[in-house]
């Protein structure tokens with residue numbers, strides 16, 4: 001009898017190890033940029049997290065909760081600058097914890113699926129509202145094309161421009177390539193496929209393009225927003241913001257409020273991800289052996305350089321993101337506090 005129990009325990013551990021390996025593979029797709037765009041990453045991570053929960057739905061409650069906390073940490077570490085992803089995982093855990101505190105008989109796997117789907121629906125609805133608000137920044141009935149400039153790849157910015165095209169507005173877009181992964185090419189292809197005129201330039205030509213192509217408006221996305229209203233976005237974004245300031249061009253940041261990092265209100269500031277230098281030199285066969293490389297993925301854009309943020313809650317100064325996040329997503333702010341600030345009590349049950 002004892003031997004059989006030992007065998008069952010060993011089989012259970014091996015199964016859990018295999019399941020965690022599958023989750024690690026999903027996280028690796030985020031790290032390697034196989035999944036791109038902060039919003040897409042958030043939806044993918046939540047979906048994989050829910051699937052992971054379903055695969056363990058028959059575990060005892062305390063063990064499953066402990067495993068989900070470990071899984072949240074694993075996924076969150078896949079990219080350091082992805083608060084929309086982290087907020088999604090916190091949303092699921094926080095909702096489940098809240099239900100348990102209310103004395104409800106919680107089926108963790110079932111509720112994880114419900115709350116995961118709810119979060120993804122919130123993101124999709126937010127993108128639709130942002131698209132409509134942002135499209136209003138492009139004037140109607142213009143004889144000459146309105147010139148919009150952007151940087152890197154943002155599905156939220158794409159949504160704004162595609163919505164403006166559907167409304168029949170006359171404009172064209174200047175898009176940067178975005179080294180070293182050329183995410184700007186994704187933007188250009190998506191817009192071209194939707195009948196929008198696009199001119200692509202190399203990153204270092206962004207100032208020249210703004211000056212010589214008479215850019216009227218600059219819209220960029222965001223990977224994160226802090227409590228002070230600082231925006232983190234793809235490297236090169238601050239350069240473009242400085243260009244906007246120099247050339248007196250309004251610069252807006254299009255982002256769901258879900259990319260706000262509540263932890264920054266408690267002193268947990270966003271880190272600039274330093275990526276593998278191989279991304280830069282992989283196509284340089286005769287590079288000098290002793291040459292050193294740096295590959296920062298993001299940089300900050302000061303709120304003073306931002307005309308406004310385009311969000312599902314409206315368009316307002318980036319310094320108001322914190323208060324609007326609390327207003328529109330009060331529970332998510334609470335959930336972050338519940339999970340993040342009880343490090344020694346994460347079993348809960």
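The values are calculated or read from the model by the stated rules, or taken from the named source; none is laboratory data. What you see is a predicted model; the values in this text were computed from it and never measured. Methodologically, a virtual Cβ is constructed for each residue, glycine included, from the backbone with ideal geometry; neighbour enumeration extends over all protein chains shown.
The table for this structure:
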{"item": "Which listed residue, of 135, 126, 164, is touching a helix residue (DSSP H, G or I) at 6+ places or on another chain (Cβ under 9 Å) and under 14 Å from residue 39 (Cα atoms)", "result": "126"}
{"item": "Count of the range 253-267 residues which are farther than 22 Å from residue 154 by Cβ and in contact (Cβ under 8 Å) with a residue 40 or more places away in the chain", "result": "3"}
{"item": "Those residues of the range 293-322 which are in a helix (DSSP H, G or I) and under 17 Å from the mean Cα position of the chain (by Cα), in sequence order", "result": "318, 321, 322"}
{"item": "The listed residue being in contact with a helix residue (DSSP H, G or I) (Cβ under 8 Å, 6 or more places away or on another chain), surrounded by fewer than 21 Cβ atoms within 10 Å (Cβ to Cβ) and modelled with pLDDT under 95, out of 289, 228, 285", "result": "228"}
{"item": "Considering residues of the range 323-332 that are in contact (Cβ under 8 Å) with a residue 40 or more places away in the chain and assigned to a helix (DSSP H, G or I) only, the residue surrounded by the most Cβ atoms within 10 Å (Cβ to Cβ)", "result": "325"}
{"item": "Answer from 218, 235 - the residue that is within 21 Å of residue 84 (Cβ to Cβ) and surrounded by 15 or more Cβ atoms within 10 Å (Cβ to Cβ)", "result": "235"}
{"item": "Selection status of residue 249, surrounded by 19 or more Cβ atoms within 10 Å (Cβ to Cβ), modelled with pLDDT of 95 or more and within 25 Å of the chain's Cα centre (by Cα)", "result": "no"}
{"item": "Residue 128 touching a residue at least 12 places away in the same chain (Cβ under 8 Å), within 30 Å of residue 218 (Cα to Cα) and in a helix (DSSP H, G or I)", "result": "yes"}
{"item": "Single unsatisfied condition, residue 194 versus (1) more than 14 Å from residue 151 (Cβ to Cβ); (2) out of contact with any helix residue (DSSP H, G or I) (no Cβ under 6 Å at 6 or more places or on another chain)", "result": "(2)"}
{"item": "Test: residue in the range 180-189 that is over 30 Å from residue 277 (Cβ atoms) and crowded, with 22+ Cβ neighbours inside 10 Å", "result": "no"}
{"item": "Which listed residue is modelled with pLDDT of 90 or more and surrounded by fewer than 16 Cβ atoms within 10 Å (Cβ to Cβ), from 25, 48, 63", "result": "25"}
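Here's the yes/no breakdown for (1) assigned to a helix (DSSP H, G or I); (2) touching a residue at least 60 places away in the same chain (Cβ under 8 Å); (3) over 30 Å from residue 226 (Cα atoms):
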position: 54; (1), (2), (3): yes, no, yes
position: 69; (1), (2), (3): yes, yes, no
position: 81; (1), (2), (3): no, yes, no
position: 90; (1), (2), (3): yes, yes, no
position: 103; (1), (2), (3): no, no, yes
position: 106; (1), (2), (3): no, no, yes
position: 120; (1), (2), (3): yes, yes, no
position: 143; (1), (2), (3): no, no, yes
position: 153; (1), (2), (3): no, yes, no
